[in-house]
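The values are calculated or read from the model by the stated rules, or taken from the named source; none is laboratory data. For clarity, every value in this text was computed on a predicted model and none was experimentally measured. Here Cβ is always computed from backbone atoms with ideal geometry, including for glycine, and neighbour counts include all displayed protein chains.
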Amino acid sequence: MSEFGRDYEILVFNDNSTDRTGEILETYRSKLPLRVLKKDVSVGNSVALELLLREAVTSTKYPKRDSAITLQADFSENPEAIVSLVRALEGGSDIVAGSITTSNTKTPFLRKGLRSLAESLLGKAYHGAPVTDPLCGFRAYRLIVLKKAFNASKKRPLVDSKGWLANLEFLGAVAPYARRISEWSVESSHISRSHPIKFNIVGTFRGILRARQEIVWEN
């Protein structure tokens, strides 16, 4: 971002981590435009994401110009693609969705299997989306789109699901306020491939059933 020549701020949500996350973040405060958010209790990934985006909307003076880029802190989504996503926004898109490719990476078989199963069970909620990979959370949003979605929600959370499903549900909530949605192919990072997969079977299938009923895409 420094080489790209755009003003930027890094927003991080520390979800009551029990490792050295807080300590490590402190070492970057004097080197980067970094701001850390947290709550007194752990809130989970989807709530943390929405809190970060609401903070971005609240902080900007130029919602039609400024944008927010979302990605996982473990760098499973390659941050080198951030500039490409921003350029696509500057080219006229309101939402730019990352489409993850796994070339030259060793994606665990279980991860591939769970994703394929979710895609199949979601039906039109997945295949009718305006992008080819609606489960990917690596995205760029023009802040005016988020502002309109948050205002319409009247302070109610936009997302109830967790994990991959939260990315699908959030896109469904904000897409109606975007004039143009595009996507950008980004290569998946290999850094976090050895991390254990957290998978709540009952919760995930409940979320899939809810998404099948509630997410309807407008063509």
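Looking at the stretch 5-19 only, could you name the residues that are charged (D, E, K, R) and without any contact (Cβ under 8 Å) to a residue 60 or more places away in the chain?
ASP7, GLU9, ASP15, ASP19
How many residues are more than 24 Å from THR58 (Cβ to Cβ) and either surrounded by fewer than 19 Cβ atoms within 10 Å (Cβ to Cβ) or not acidic (Asp, Glu) (or both) if we restrict to the stretch 131-154?
Total meeting the criteria: 5.
Filter the stretch 1-47 down to residues that are within 21 Å of the chain's Cα centre (by Cα) and in a helix (DSSP H, G or I), then give me how many there are.
5
Identify the residue in the stretch 201-219 that is polar (S, T, N, Q) and more than 19 Å from the chain's Cα centre (by Cα) and, among all such residues, is modelled with the lowest pLDDT. Explain how you work it out, then say what you get.
Of all residues in the stretch 201-219, those polar (S, T, N, Q) come to 204, 213, 219.
Among the residues that remain, those that are also more than 19 Å from the chain's Cα centre (by Cα) are: 213, 219.
On the way: GLN213: 80, ASN219: 62.
Selected residue: ASN219.
For VAL41, indicate whether it is farther than 22 Å from ILE144 by Cα, in contact (Cβ under 8 Å) with a residue 24 or more places away in the chain and either surrounded by fewer than 13 Cβ atoms within 10 Å (Cβ to Cβ) or among the hydroxyl-bearing types (Ser, Thr, Tyr) (or both).
Taking the combined requirement at face value, the residue satisfies it.
For the stretch 84-200, list the helices (runs of 4 or more DSSP H) that sit wholly inside it and hold at least 3 residues that are modelled with pLDDT of 90 or more and not aromatic (Phe, Trp, Tyr); which are they?
Result: 143-153, 163-174.
Out of PRO176, PRO157, I need the residue that is out of contact with any Cys (no Cβ under 9 Å at 6 or more places or on another chain), under 18 Å from PRO63 (Cα atoms) and surrounded by fewer than 17 Cβ atoms within 10 Å (Cβ to Cβ). Which one?
Working: PRO157 fails: under 18 Å from PRO63 (Cα atoms).
Unique residue meeting the criteria: PRO176.
Name the pairs: first residue in the stretch 135-150 and free of Cβ contacts under 8 Å to residues at least 60 places away in the same chain, second residue acidic (Asp, Glu) and assigned to a loop (DSSP other than H, G, I, E, B), Cβ to Cβ under 9 Å, at least 6 apart or on different chains?
Correct list of pairs: VAL145/ASP94.
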